[in-house]
Amino acid sequence: MAGQATGRVEIRRPLEDVFELVATFENELRWKPGVVLEMTRETETSGLGARYAEVLRAGAGTTSSHFTVTSFEPNRLVGFTWASGTTGIYAFTAGGDATEVSFTIRPTPAGIRSRVGALVRKRFDAASKASWSSSGACSKKERRGTEIHSIKPNARGLRSPRRKRWR
């Protein structure tokens, strides 16, 4: 789908452990250090309907946003919507000794699509490339490749996929 950005990482940990770490948004400070500067739950409980406020690093400055968890299926997916209407989903799939986590973001205002794609690449890169091992979530040997996909305008204004791969 044009205008969306996706990322994927495979973690050699049980599905339940990975889901618990990612679905508890307060943990983003652990696995996205330097990207997420603050994460505050604004409701008493987590899970479906929970509201959060976050402060993110944005270039040389910071930006803040609010989001609500709009779908929550334990060990399967967590969906959320920012106040701007942009939606995101973390999906989890178990496979042997590893868990695949994929992230998709669908911005709604056309003017922010390129910014959101860059932010997703930066956030997911920071989270999957280095932070999983430093947070104790897994070691570097437990993390197989990270693949980031995004939609970027080309010279003629058309959108084409862009891929990066780390080993």
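Just to be sure before I move on: is GLU28 surrounded by 14 or more Cβ atoms within 10 Å (Cβ to Cβ), within 23 Å of THR108 (Cα to Cα) and among the acidic types (Asp, Glu) in the structure I sent? No. Could you check the range 38-59 and list, in sequence order, the residues that are touching a strand residue (DSSP E or B) at 6+ places or on another chain (Cβ under 7 Å) and in contact (Cβ under 8 Å) with a residue 60 or more places away in the chain? Of everything in the range 38-59, just one residue is touching a strand residue (DSSP E or B) at 6+ places or on another chain (Cβ under 7 Å) and in contact (Cβ under 8 Å) with a residue 60 or more places away in the chain, namely LEU56.
Of the residues making up the range 55-104, just one is within 19 Å of PRO33 (Cβ to Cβ), within 13 Å of the chain's Cα centre (by Cα) and of a type outside the set (A, V, I, L, M, F, W, C), namely TYR90. In the range 86-108, the qualifying residues are those that are buried (at least 18 other Cβ atoms within 10 Å of the Cβ) and not hydroxyl-bearing (Ser, Thr, Tyr), and the one that is farthest from SER65 (Cα to Cα) is ALA98.
Scanning the range 50-83 for residues that are in contact with a Ser or Thr (Cβ under 7 Å, 6 or more places away or on another chain) and either of a type in the set (S, T, N, Q) or in a loop (DSSP other than H, G, I, E, B) (or both) gives ALA50, THR68, THR70, THR81, ALA83. Of all residues in the range 1-25, those being part of a helix (DSSP H, G or I) and either over 24 Å from GLY85 (Cβ atoms) or of a type in the set (Ser, Thr, Tyr) (or both) number 7.
Conditions tested, residue by residue: (1) of a type in the set (A, V, I, L, M); (2) at pLDDT 90 or above.
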residue	(1), (2)
GLU20	no, yes
LEU56	yes, no
VAL69	yes, yes
GLU73	no, yes
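The values are calculated or read from the model by the stated rules, or taken from the named source; none is laboratory data. Just so it is clear, the structure is predicted and the values come from calculations on it, not from any experiment. Backbone-built Cβ (ideal geometry, glycine too); neighbour counts: all protein chains shown.
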